[in-house]
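The next block holds one structure in the form of structure tokens; read it before the comments.
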Amino acid sequence: MTALPSLIRSAIFSLGCVVVLSGCTYYAVRPLRPETTAAQLDARSLSDPELRSFMETNLHRAFIQWPPAQWDFDTLTLVAFYYHPNMAVARAQWNVAQAGIKTAGGRPNPTLTVTPGYDTTHNAGLSPWFPAVNFDLPIETAGKRGHRIAVAQQLSESARLNIATVAWQVRSRLRRSLLDLYAAREAEGLLQRQQAAQAEIVRLLEAQLAAGEVSPFEATQARIAQVNTLLALRDAERQRDEAHAQIASALGLPASAVDADLSFTGLIQPPTELPSADLRRQALLHRADILGALAEYAAAESTLRLEIAKQYPDIHINPGYQFDQGDSKWSVGISIELPVLNQNQGPIAEAKAKREEVAARFIALQAGVLGDLDRTVAGYRAALGKAMTADALLANLKKQEQTIQARFEAGDISRLEMSAVQLELSQSALTRLDALVKTQQAFGELEDVLQSPVGWINALELVSPGNATRKERKHE
């Protein structure tokens with residue numbers, strides 16, 4: 001009889017070991033070494049075969065030549081989605097939120113309690129042992145597990161939409177950097193032409209000064225203008241180099257890796273028509289952060305449902321066994337918390353207040369977007385009008401140049417007058433370039449408010465692979 005408690009202990013111990021060890025996840029060391037990550041960043045390039053696979057998958061076409069001979073804004077955007085570290089952070093945050101769904105769906109484990117006992121005054125012939133084994137089997141009530149899963153799924157959806165928000169920020173920064181590079185390169189070429197025209201004017205004026213035909217003041221003013229143009233040219237060269245480095249940073253690549261032919265298609269002629277109704281609908285209903293805020297509100301509502309459900313206590317079933325000095329005794333108990341002193345009113349009040357806070361932040365977000373939309377639309381239309389005026393002035397000057405060129409070839413005007421017209425034309429071209437760049441900057445700000453240029457929906461699906469959250473919700 002005395003061997004029975006030992007047998008019980010052995011059986012319980014063996015069962016516990018099997019249950020625990022069968023579900024264990026073992027820790028794997030993954031050290032983070034700065035020198036290794038730095039080397040990986042330096043090794044990034046546009047010729048990476050995995051980048052090629054990523055782009056072919058997302059563009060649904062194969063590259064005959066790799067890397068391509070020319071990179072445009074769309075292909076560079078995919079490069080940024082692939083390499084930029086902020087995208088990796090956003091994806092990792094989504095993975096954390098998805099893991100939260102698994103955590104929320106976990107069921108409470110039963111509890112095993114073993115209570116050994118020994119009677120030092122036992123009667124002869126009876127076992128002195130009276131060990132007891134009790135189980136606690138918790139049963140959640142009022143759908144608490146479903147509410148927890150709903151909260152986790154909605155937070156996961158918000159994290160997924162945040163990937164789209166971050167992707168937009170990455171794209172927007174890349175667009176600004178490309179526009180800066182385009183402006184610097186164009187300005188550099190125009191300033192070189194202007195410098196050549198001013199050099200010719202200075203040469204002619206100095207010859208006339210030597211002949212006493214002009215005053216020293218006129219020659220001095222021409223030389224000052226030439227120096228100023230030279231300084232502006234050097235500044236454009238600096239801006240070109242800085243913009244190149246900014247593009248590399250926007251792509252998540254070292255500057256040495258961005259040695260490619262870049263196309264500025266799409267950054268030259270801005271659209272002239274703005275469908276106001278569609279713009280307002282897109283900005284107020286379909287922005288990623290708007291949808292993310294809606295997911296946060298849904299999570300706040302599910303949290304409130306969960307806290308209300310916690311008013312109803314869970315049930316604990318407590319089967320037990322006791323070996324009492326040779327007798328086997330079985331028992332079954334039921335325990336339940338009595339909500340007489342605390343009915344979870346505090347957490348319910350907090351959840352209600354949190355829901356109101358999230359709703360207020362959502363309305364504030366929409367109001368801010370609406371104000372930004374009105375401002376950027378007005379700014380873009382004003383910039384577009386200025387650019388159209390600059391285009392008309394430049395076209396008029398080009399006509400005048402043709403007329404002056406014909407008169408110069410006919411000998412009606414001097415070379416100095418011809419050079420002055422060329423100088424005026426180059427200055428007008430610089431003015432037109434400035435107006436065009438500001439128009440594109442205003443258009444970029446408008447796109448930032450909309451978070452949806454043409455073709456963006458496709459890119460959004462590529463960045464955020466999933467209707468995974470919706471599938472998981474349906475599965476649940």
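Output the 0 to 90 degree angle, nearest 10, between the alpha-carbon long axis of helix 415-450 and the longest principal axis computed from the alpha carbons of the chain. Here the helix axis deviates by roughly 20 degrees.
This ranking places LEU137, LEU373 by how few other beta-carbon atoms lie within 10 Å of each, fewest first, which gives LEU137, LEU373. Separation of the range 289-323 from the range 140-212 is 45 Å, based on Cα centroids. Among ARG175, ARG415, a tally of other beta-carbon atoms within 10 Å of each Cβ gives an order, fewest to most, of ARG415, ARG175. Taking the helices alone, the chain has a mean residue ellipticity at 222 nm of -24000 deg cm²/dmol, built from -39,500 (n - 2.57) per DSSP H run of at least 4 residues and averaged over all its residues.
Classify the range 271-385 as rounded, prolate or oblate, taking a ≥ b ≥ c as the square roots of the eigenvalues of its Cα gyration tensor: rounded when a/c is under 1.5, otherwise prolate if a/b is larger than b/c and oblate if not. Cα axes put the range 271-385 in the prolate bin.
Cβ crowding within 10 Å, taken as a proxy for footprinting-reagent exposure, orders ILE101, ILE348 from fewest neighbours to most as ILE348, ILE101. One entry in [x] 207; [y] 135; [z] 247 is volume of the Cα convex hull per residue in Å³ calculated from the shown coordinates; its label is [z]. Sorted on the mean count of surrounding Cβ atoms within 10 Å across their residues, most packed first, peptides 326-332, 423-429, 29-35 read 423-429, 326-332, 29-35.
Taking amide H as placed 1.01 Å from N in the peptide plane, the amide H of ILE315 sits under 5 Å from that of ILE139, THR141, each at least 5 places away or on another chain. Name the lysines eligible as straight-distance cross-link partners of LYS144: C-alpha to C-alpha under 30 Å, and not fewer than 8 places from it in the same chain. Qualifying lysines at Cα under 30 Å: LYS102, LYS310, LYS352, LYS354, LYS471, LYS474.
The 3J(HN,Hα) values that the Karplus relation (6.51, -1.76, 1.60; θ = phi - 60°) gives for the range 290-298 are, in residue order, 5, 5, x, 5, 5, 5, 5, 5, 4 Hz. Gly and Pro appear as x.
Relative to the longest principal axis of the Cα atoms of the chain, helix 345-409 runs at roughly 20 degrees. What you get for the chain, charging only the Cβ of Lys and Arg (+1) and of Asp and Glu (-1), is a dipole of about 1100 debye around the Cα centre.
Against the chain, whose longest principal axis comes from its Cα atoms, helix 85-104 is set at around 20 degrees.
Any lysines with Cα under 28 Å of the LYS438 Cα? List them, leaving off those in the same chain fewer than 8 positions away. Those lysines meeting the cut-off are LYS386, LYS398, LYS399.
The trypsin sites (Lys or Arg not before Pro) of the range 29-111 that meet both conditions, a loop assignment by DSSP and at most 10 other Cβ atoms within 10 Å of the site Cβ, are ARG61. Derived scalar couplings between HN and Hα for the range 128-141 equal x, 8, 9, x, 10, 10, 10, 10, 10, 9, x, 10, 6, 10 Hz in order, rounded to whole Hz, by the Karplus curve 6.51 cos²θ - 1.76 cosθ + 1.60 (θ = phi - 60°), x for Gly and Pro.
All of the numbers you see were taken from the coordinates with simple rules; none came from a lab. This is a predicted model, so every value here is computed, not measured. Reconstructed Cβ throughout: ideal geometry from the backbone, glycine too, with neighbour counts over all protein chains shown.
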